[in-house]
Amino acid sequence: AAGVIQSPRHLIKEKRETATLKCYPIPRHDTVYWYQQGPGQDPQFLISFYEKMQSDKGSIPDRFSAQQFSDYHSELNMSSLELGDSALYFCASSLGLAGAVVGTDTQYFGPGTRLTVL
Amino acid sequence: TQLLEQSPQFLSIQEGENLTVYCNSSSVFSSLQWYRQEPGEGPVLLVTVVTGGEVKKLKRLTFQFGDARKDSSLHITAAQPGDTGLYLCAGSSGAGSYQLTFGKGTKLSVIP
């Protein structure tokens, strides 16, 4: 079965540079979520989109922005990168609006993008 | 902010032993998911529980959702070295919030 695809898998950037991470959800999934996981930490929710509209916002810095496109893929844009932004960034997708139908909010995670800021 | 307390944080057992991991909260969740994560990889879904009191079995793994939908447990019977990994519980409130709240994880090590 097709899974969530993320690219690139690894990314190395210098401080103050920008980075763009891409996420392709499971086919027919219309909701995407972005999470950040620091070393030894649990994933922290950043932002989510449903039907191309932002549906929820977590601890996403103002330097970051994201959007969902008409084909449901999503991009996380990160500017003015800082050393503390080094982390694993996961995208997850689900079918349907979370909570609207019981059981449809199960989130399936991609393999992640490892961002290293030097 | 909803919090999920997961315990134990670390668990080292011998092959063949049984174990239980707990996930507790003072908040109600519309659904709760258990994931297993290998280092440097994305969490892989094991199960979703949505109904209070629900019990689901996945081979030697048994998952239970508390009657009040505030807690959950993962029980592994006759653990094997292949069960070694990080187990995460994550809850969704479903009440207009679509983010998952994760527990801190349980790092399980099964010694042959």
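The values are calculated or read from the model by the stated rules, or taken from the named source; none is laboratory data. It should be emphasised that the depicted structure is a prediction, and the values quoted were computed from it without experimental measurement. Ideal geometry is used to build each Cβ from the backbone, glycine not excepted, and the neighbour counts take in all protein chains shown. All accessible areas refer to the heavy atoms of the entire protein, side chains included, with ligands and DNA or RNA removed. Shrake-Rupley method; radii C 1.70, N 1.55, O 1.52, S 1.80 Å.
Details
- Cα gyration tensor shape of the stretch B:62-111, rounded if a/c is under 1.5, else prolate or oblate by comparing a/b with b/c: oblate
- Per residue, the average separation of C-alpha pairs within less than 8 Å and at least 6 apart gives chain A a relative contact order of 35 percent.
- For chain B, modelled as a GNM whose springs connect Cα atoms under 10 angstrom apart, the maximal fluctuation among B:Ser27, B:Ser73, B:Ser12 occurs at B:Ser12.
- Cross-link partners of B:Lys104 among aspartates and glutamates, defined as those whose alpha carbon lies under 14 angstrom from its own and excluding same-chain residues fewer than eight positions apart: A:Asp42, B:Glu5.
- Qualifying aspartates and glutamates (Cα of each under 19 Å from Cα of B:Lys57; at least 8 residues distant if same chain): B:Glu17, B:Asp67, B:Asp71, B:Asp83
- Taking amide hydrogens as placed 1.01 Å from N in the peptide plane, the amide H of A:Thr31 sits under 5 Å from those of A:Ser94, A:Gly96, each at least 5 positions away in sequence or on another chain.
- For chain A, the gyration tensor built on C-alpha atoms gives a prolate shape. Its axis ratio a/c (a ≥ b ≥ c) is at least 1.5, and a/b is the larger of a/b and b/c.
- Using θ = phi - 60° in the Karplus curve 6.51 cos²θ - 1.76 cosθ + 1.60, the 3J(HN,Hα) couplings for the stretch B:43-51 round to x, 9, 5, 9, 7, 10, 10, 10, 10 Hz; x is entered for Gly and Pro.
- About its Cα centre, the dipole of chain A is roughly 260 debye, where the only charges are +1 on Lys and Arg Cβ and -1 on Asp and Glu Cβ.
- Shape class of the stretch B:25-93 from the Cα gyration tensor (axes a ≥ b ≥ c, square roots of the eigenvalues): oblate, since a/c reaches 1.5 or more and a/b does not exceed b/c.
- Whole-angstrom gap from the stretch B:37-111 to the stretch A:40-64, using each part's C-alpha centre: 22 Å
- 3J(HN,Hα) along the stretch A:11-20, derived from phi through the Karplus expression 6.51 cos²θ - 1.76 cosθ + 1.60 where θ = phi - 60°, amounts to 8, 10, 9, 8, 4, 6, 7, 10, 9, 10 Hz, with x in place of Gly and Pro.
- Rolling a 1.4 Å probe over the protein heavy atoms leaves B:Lys107 with an accessible area of roughly 120 Å².
- Aspartates and glutamates with Cα under 13 Å of A:Lys15, excluding same-chain neighbours fewer than 8 positions away: A:Glu82, A:Asp85
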